[in-house]
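Accompanying notes for the structure given below.
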Amino acid sequence: MEAKEYKKITTKVLYDMKCRGEKISMLTAYDYTMARILDAARIDVLLVGDSASNVMAGHETTLPITLDQMIYHAQSVVRAVNRALVVVDMPFGTYQGNSKRALDSAIRIMKESGGHAVKLEGGSEVKESVERILSAGIPVMGHLGLIPQSIYKFGTYTVRAKEEAEARKLVEDARMLEELGVFALVLEKIPAELGKKVAESLKIPVIGIGAGPYVDGQVLVTHDMLGMTKDFNPRFLRRYLDLFTDMKNAFEQYRNDVKTGDFPNESESY
Ligand code: KIV
């Protein structure tokens with residue numbers, strides 16, 4: 001399917017892409033400079049993921065990142081973007097178990113960051129929060145399968161929904177989210193056949209990360225696909241560069257040049 005030239009990506013455009021069979025590209029962004037490059041490359045959706053907690057801040061999980069920190073990252077990304085749809089993750093503790101807090105958090109994200117939509121994790125457990133956020137006219141992206149904010153409930157980052165009962169609940173949750181009105185759904189680390197089943201049974205776009213090739217689009221963490229992170233090697237990750245090595249080499253070269261007095265030379269001086 002040939003990509004159509006969209007000047008601006010909206011939730012409606014993503015729906016059109018699914019209808020036309022055009023796959024949706026999505027990557028994470030947490031800062032202005034990276035977001036400029038991603039937007040220039042015409043990535044359709046930039047996700048200000050709570051994976052910033054790991055990638056940018058070095059935490060072990062996504063749980064510690066705060067709403068203020070997510071808004072800061074999202075503001076930087078929004079400033080950079082002309083074309084992409086910017087989706088902002090709602091961090092842990094800002095929407096679970098309290099739909100009023102969920103609405104307040106989503107409104108803060110939209111008002112203070114200028115992002116275009118929010119994403120939150122879970123199915124029936126967060127139904128009321130999703131409903132309330134949607135009632136304010138805020139577009140919501142769902143996220144099922146491996147949901148990293150619940151890591152302490154599951155205890156592991158292994159593939160989800162391999163068992164019949166969990167797969168059934170995932171399908172039910174996906175249908176429920178579509179009926180509520182979410183505009184798209186992320187499925188993380190589930191069997192490819194289940195990803196296919198969900199994508200085929202929903203009208204909204206389904207975007208996978210480790211959910212196989214049959215879904216309507218793909219998302220990866222940008223720093224992982226650039227090879228900037230070394231110790232994260234899931235099967236679903238395709239590395240397009242080895243930036244860890246390239247950047248380390250450049251830093252070593254710079255260090256040498258400084259130590260030897262090679263940098264700066266005459267033409268680099270005033
Ligand atoms: O925070 C994140 O990066 C995400 C993706 C893994 C989908 O939620």
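For the chain, modelled as a GNM whose springs connect Cα atoms under 10 angstrom apart, the maximal fluctuation among 36, 132, 20 occurs at 20.
Once the other residues with Cβ under 12 Å from the Cβ of residue 229 are scored (Lys, Arg +1; Asp, Glu -1), what is the net sum?
On the way: positive: 230, 239; negative: 224, 231, 242.
Surrounding charge for residue 229 is -1.
Go ahead and set up a Gaussian network model of the chain, Cα springs under 10 Å, then flag whichever of 92, 183, 154 fluctuates most. Looking only at 92, 183, 154, the biggest GNM fluctuation is shown by 154. Applying a threshold of 26 Å to the alpha-carbon distances of 7/100; 119/153; 7/111; 111/203; 8/100 flags 7/100; 111/203; 8/100 as lying beyond it.
Would you calculate a helix-derived [θ] at 222 nm for the chain, using -39,500 (n - 2.57) for each DSSP H run of n ≥ 4 and dividing by the full residue count, to the nearest 500? Mind dumping the intermediate values first?
Details: 11 runs with 114 residues, N = 270.
Taken over the chain, the calculation gives -12500 deg cm²/dmol.
When both the stretch 1-79 and the stretch 90-118 are represented by their alpha-carbon centers, they are found 17 Å apart. Computed from the Cβ-Cβ distance with R0 of 25 Å, the FRET efficiency linking residue 125 to residue 10 stands at 0.30. Loop-located GluC sites (Glu not before Pro) across the stretch 158-218 with a Cβ neighbour count of 10 or fewer within 10 Å are 163, with loop assigned by DSSP. The value of relative contact order for the chain, using C-alpha pairs under 8 Å at least six residues apart, is 15 percent.
Taking 0.36 nm per residue of separation and subtracting the current Cα-Cα distance, fully stretching the chain between residue 83 and residue 254 would add 58.0 nm. The rule of thumb for compact globular proteins, 2.2 N^0.38 Å, goes into the C-alpha radius of gyration of the chain 1.07 times.
Using alpha carbons only, what's the Rg to Rh ratio of the stretch 57-145 with Rh from Kirkwood? Could you put the intermediate results ahead of the total?
On the way: Rg = 12.6 Å, Rh = 13.2 Å.
With Rg and the Kirkwood Rh in hand, the quotient comes to 0.95.
Quick one: among 145, 123, 137, which has the greatest mean-square fluctuation in a GNM of the chain with alpha-carbon springs under 10 angstrom? Highest fluctuation among the options: 137.
Heavy-atom accessible area for residue 15, with the other protein chains in place and a 1.4 Å probe, reaches approximately 90 Å². Electrostatic bookkeeping for residue 148 treats Lys and Arg as +1 and Asp and Glu as -1; over the other residues with beta carbon under 9 Å from its beta carbon, the sum is -3. Accessible surface of residue 135, taken over heavy atoms with a 1.4 Å probe and every protein chain present, rounds to 90 Å².
The values are calculated or read from the model by the stated rules, or taken from the named source; none is laboratory data. Computed from a predicted model, the values in this text were never measured in an experiment. Here Cβ is always computed from backbone atoms with ideal geometry, including for glycine, and neighbour counts include all displayed protein chains. Just so you know, the surface numbers come from the protein's heavy atoms only, side chains and all, with ligands and any DNA or RNA stripped out. Shrake-Rupley method; radii C 1.70, N 1.55, O 1.52, S 1.80 Å.
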